[in-house]
Amino acid sequence: MRPSGRALDQMRDISIETNVTMHAEGSCMIRCGNTHVLCTASLEERVPPFLRNTGQGWVTAEYGMLPRATTSRMRRESAAGKQSGRTQEIQRLIGRSLRAGIDRQAMGERQITVDCDVIQADGGTRCASITGGWVALRLAVNKLLKAGDLTSDPILDHVAAVSCGVYAGQSVLDLDYPEDSEAGTDGNFVMTGAGQMIELQASAEGATFSKDQFAELMALAEKGVSELVAAQKAAVA
């Protein structure tokens with residue numbers, strides 16, 4: 001039995017509210033159960049120096065957690081003077097994932113930065129950030145297309161992510177914090193809407209896992225991503 005009472009292949013309730021901020025070119029609040037992440041996409045008519053005069057655009061990401069997003073207050077990383085290794089790893093993952101779903105040549109020489117701020121954390125914050133980050137990116141690109149600043153749509157496909165793991169000896173979909181903190185195996189699966197793989201992160205946290213268990217996790221991830229993509233489509237329709 002899962003702590004939440006969900007079935008092994010059951011996602012948490014998903015909601016995506018769009019256009020939640022005034023100024024960002026694209027924004028949404030994604031809620032996956034009790035994990036809530038504010039995602040904003042900001043457009044700049046410039047690219048990093050290594051892309052100047054290449055005709056290619058760039059998508060990057062930043063990630064952070066509010067001090068009271070968790071059960072006890074965390075110190076702001078800005079107050080500490082540096083980002084943690086975890087934060088850097090997650091925001092690089094988000095950036096890589098979103099870039100995999102976009103034609104950077106079709107973007108032209110402009111940059112979109114996707115900021116993912118965790119308001120409330122209950123497991124799966126990086127996955128929620130990728131899924132919501134894509135929605136914010138989609139909305140920003142829509143504005144460019146509507147204004148005529150882009151002649152073709154640079155977004156190739158949906159990008160979404162979900163966690164899966166082995167909890168109490170059983171393969172489960174979309175881990176919340178009580179499961180994540182005790183899972184024997186924990187994985188994050190980033191995929192396109194067409195089911196293509198972008199990045200898979202799976203590790204034995206307390207026990208090794210078999211090929212058959214990994215296949216079970218992969219099947220659960222495919223189901224979960226399909227549901228997330230459906231939520232994305234509904235949000236940007």
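At-a-glance table
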{"read-out": "Tally, over the stretch 77-106, of residues that are surrounded by fewer than 17 Cβ atoms within 10 Å (Cβ to Cβ), at pLDDT 90 or above and either hydroxyl-bearing (Ser, Thr, Tyr) or not in a helix (DSSP H, G or I) (or both)", "value": "4"}
{"read-out": "Cross-chain or 6+ apart pairs with Cβ under 8 Å, the stretch 160-184 first and touching a residue at least 60 places away in the same chain (Cβ under 8 Å) and on the phi > 0 side of the Ramachandran plot, then surrounded by 17 or more Cβ atoms within 10 Å (Cβ to Cβ) and assigned to a strand (DSSP E or B)", "value": "Asp174/Cys32; Asp174/Val162; Asp174/Ser163; Asp174/Cys164"}
{"read-out": "Residue in the stretch 131-153 that is surrounded by 22 or more Cβ atoms within 10 Å (Cβ to Cβ) and part of a strand (DSSP E or B) present", "value": "no"}
{"read-out": "Meets criteria (buried (at least 19 other Cβ atoms within 10 Å of the Cβ) and closer than 21 Å to Ser163 by Cα) for Gly57", "value": "no"}
{"read-out": "Count of residues meeting criterion [touching a helix residue (DSSP H, G or I) at 6+ places or on another chain (Cβ under 9 Å) and not polar (S, T, N, Q)] in the stretch 96-107", "value": "5"}
{"read-out": "Matching residues, the stretch 140-178, being modelled with pLDDT of 95 or more, of a type outside the set (D, E, K, R) and farther than 23 Å from Val225 by Cβ", "value": "Leu144, Leu145, Ala147, Gly148, Leu150, Ser152"}
{"read-out": "The stretch 107-124, residues that are of a type outside the set (A, V, I, L, M, F, W, C) and either closer than 18 Å to Thr60 by Cβ or assigned to a strand (DSSP E or B) (or both)", "value": "Gly108, Glu109, Arg110, Gln111, Thr113, Asp115, Asp117, Gln120"}
{"read-out": "Residue in the stretch 156-167 that is surrounded by fewer than 21 Cβ atoms within 10 Å (Cβ to Cβ) and among the β-branched types (Val, Ile, Thr) present", "value": "no"}
{"read-out": "So Ala234, is it loosely packed, with under 14 Cβ neighbours inside 10 Å, among the hydrophobic types (A, V, I, L, M, F, W, C) and in a loop (DSSP other than H, G, I, E, B)", "value": "no"}
{"read-out": "Number of the exception - Val190 against (1) farther than 27 Å from Met107 by Cβ; (2) surrounded by 23 or more Cβ atoms within 10 Å (Cβ to Cβ)", "value": "(1)"}
{"read-out": "The stretch 2-48: number of residues that are aliphatic (A, V, I, L, M), in contact (Cβ under 8 Å) with a residue 24 or more places away in the chain and assigned to a loop (DSSP other than H, G, I, E, B)", "value": "4"}
{"read-out": "Positions within the stretch 201-218 being of a type in the set (A, V, I, L, M, F, W, C), assigned to a helix (DSSP H, G or I) and either touching a residue at least 60 places away in the same chain (Cβ under 8 Å) or out of contact with any Cys (no Cβ under 9 Å at 6 or more places or on another chain) (or both), in sequence order", "value": "Phe214, Ala215"}
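The values are calculated or read from the model by the stated rules, or taken from the named source; none is laboratory data. Note that this is a predicted model, so its numbers are computed, not measured. Positions of Cβ are generated from backbone atoms using ideal geometry, with glycine treated the same way; all protein chains shown enter the neighbour counts.
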